[in-house]
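Notes for the one structure printed next.
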Amino acid sequence: MKWTIEMTSKELARKTEIERVLDHRITQKEAAKRLGVSERQFRRIIRRYRQEGDGGLVSQKRGKPSNRKTDERTRELVREFICDPMMKGFGPTLMTEKLETKKGIRLSKENVLWFRLLATTR
């Protein structure tokens, strides 16, 4: 059975450097410097490449949601709160404080500002 692996240019560059190291054309130190990682991290990359092959170079987070993603229910509550006419003149800092005291939702002022931008574009 054939597998197709999509790789980014960064992952392809890693593969090239690893193959050079394994062929003894350059040192691990040189390859690590070219890739912008530490020698220790490069050794980890090589170990994973030896164990898993080309698939070991592909990010394991690909296709998965971020750990920092705000869940849909919280997003909807924040949107409703921000769109409330009583909250119209509030800045992001005050809005953040009110969100925490009234709804118990704790977000950064940058996230509140982002939600406000999204709410106004709809």
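The values are calculated or read from the model by the stated rules, or taken from the named source; none is laboratory data. Just so it is clear, the model here is predicted, and its values are computed rather than measured. Heads up, the Cβs are rebuilt from the backbone with ideal geometry, glycines too, and the neighbour counts pull from every protein chain shown.
Sort out which residues of segment 69-107 are part of a loop (DSSP other than H, G, I, E, B) and touching a Phe, Trp or Tyr at 6+ places or on another chain (Cβ under 9 Å), and write them in order of number. Matches in segment 69-107: 70, 105, 107.
Within segment 96-122, work out how many residues are of a type in the set (A, V, I, L, M, F, W, C) and modelled with pLDDT of 90 or more.
Qualifying residue count for the region: 3.
Which of the residues spanning segment 61-78 are exposed (fewer than 10 other Cβ atoms within 10 Å of the Cβ) and of a type in the set (S, T, N, Q)? Answer for segment 61-78, where residues must be exposed (fewer than 10 other Cβ atoms within 10 Å of the Cβ) and of a type in the set (S, T, N, Q): 66, 67. Conditions first: (1) small (Gly, Ala, Ser); (2) within 30 Å of residue 106 (Cβ to Cβ); (3) outside any loop (DSSP other than H, G, I, E, B). Residue 66 passes all but one, so which condition is the exception? The failed condition is (3). Residues in segment 17-37 that are exposed (fewer than 12 other Cβ atoms within 10 Å of the Cβ) and under 19 Å from residue 59 (Cα atoms): 1 in all.
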